[in-house]
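J.: Before I ask anything, here is the structure I am working with.
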Amino acid sequence: MLALPALLLAATETIANPLRSRFTTVELSTCQIIKRHPDGNTYRCAGLKDYPVSYSEGDLRAFVSFGAKPESRQAMQQTLRPFNSIFEGSGKRATIEWRFRRVDGSDRPYATIMRLFTRTEGARGEVLVVTKVSSTEACHMAYVDAKANADAMALARSAADELAAAWSCKADARIIGAPGQLSK
């Protein structure tokens, strides 16, 4: 009998506080260069309130973190094994999907989803990177091969919504769905 009131309360909270998405873009021309380096610069770009986006390039790979003090967050040291970029081709604009809840009148992000364009031995791929975001942490939780999974965005959103609350940044990111090129 006690399970029914708890279930009803959880359902009421879900209806009153649905999960939401907001989209922002990274355009390097509008970002501030924080650090210059011959292998790639580090930029601070607009994100959500209190959650700037930090983007760094190095060794032909992208490193992206979210929130204050990005250098202390694990995501700033995480990338994919293949060469990759958040920008498609020669483009300089990327989109970030922020998953958040409305809490006490403000948006509280708990995850982001970002597409990385990869290159391995001539093969091109696309991977959705799901990153846990909190006021103190940012780390990769999941990878979804966007070419190997017809429902890649739905898989990435489910991973964000289901994993973020209990995710430990000490854990290795999971491959969700068909691994495609992620298994190589």
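Bear in mind these aren't lab numbers, they're just calculated from the coordinates by the rules spelled out. What you see is a predicted model; the values in this text were computed from it and never measured. Reconstructed Cβ throughout: ideal geometry from the backbone, glycine too, with neighbour counts over all protein chains shown.
J.: What full-extension length gain, to one decimal in nm, is calculated for K69 and D161 as 0.36 nm per residue of separation minus the Cα-Cα distance?
T.: 30.7 nm
J.: Could I ask something else about it? Once label points are set 7 Å from the Cα along Cα→Cβ at both S90 and S135, what is their separation, rounded to one decimal in nm?
T.: Result for the modelled spin labels: 4.5 nm.
J.: What full-extension length gain, to one decimal in nm, is calculated for D107 and S183 as 0.36 nm per residue of separation minus the Cα-Cα distance?
T.: Taking 0.36 nm per residue and subtracting the Cα distance, the gain is 23.8 nm.
J.: Calculate how steeply helix 3-16 sits against the longest principal axis of the alpha-carbon atoms of the chain, using the helix alpha-carbon long axis, and give the answer as 0 to 90 degrees to the nearest 10.
T.: 50
J.: Run the reach check for K170 against lysines, Cα to Cα strictly under 16 Å, same-chain hits fewer than 8 apart removed. What comes back?
T.: K132
J.: Sort 26-38, 141-153 by packing, meaning the average of other beta carbons within 10 Å per residue, with the highest value first.
T.: 141-153, 26-38
J.: What's log10 of I(q)/I(0) for the chain at q = 0.08, 0.15, 0.17, 0.20 Å⁻¹, Debye sum over Cα points only, no solvent?
T.: Those come out to -0.26, -0.87, -1.10, -1.46, one per q.
J.: Now a separate question. Efficiency by 1/(1 + (r/R0)^6): what FRET value for I34 and R81, r their Cβ-Cβ distance, R0 = 35 Å, to the nearest 0.05?
T.: 0.85
J.: Where the centre of each part is set by its Cα atoms, how far does region 91-117 sit from region 127-169, in angstrom?
T.: After rounding, the separation between the Cα centres reads 11 Å.
J.: Please give the contour-minus-distance gain from A123 to R20: 0.36 nm per residue of separation, less the Cα-Cα distance, rounded to one decimal in nm. Can you show the working numbers first?
T.: On the way: separation 103, 0.36 × 103 = 37.08 nm, distance 3.42 nm.
Net length gain for the segment: 33.7 nm.
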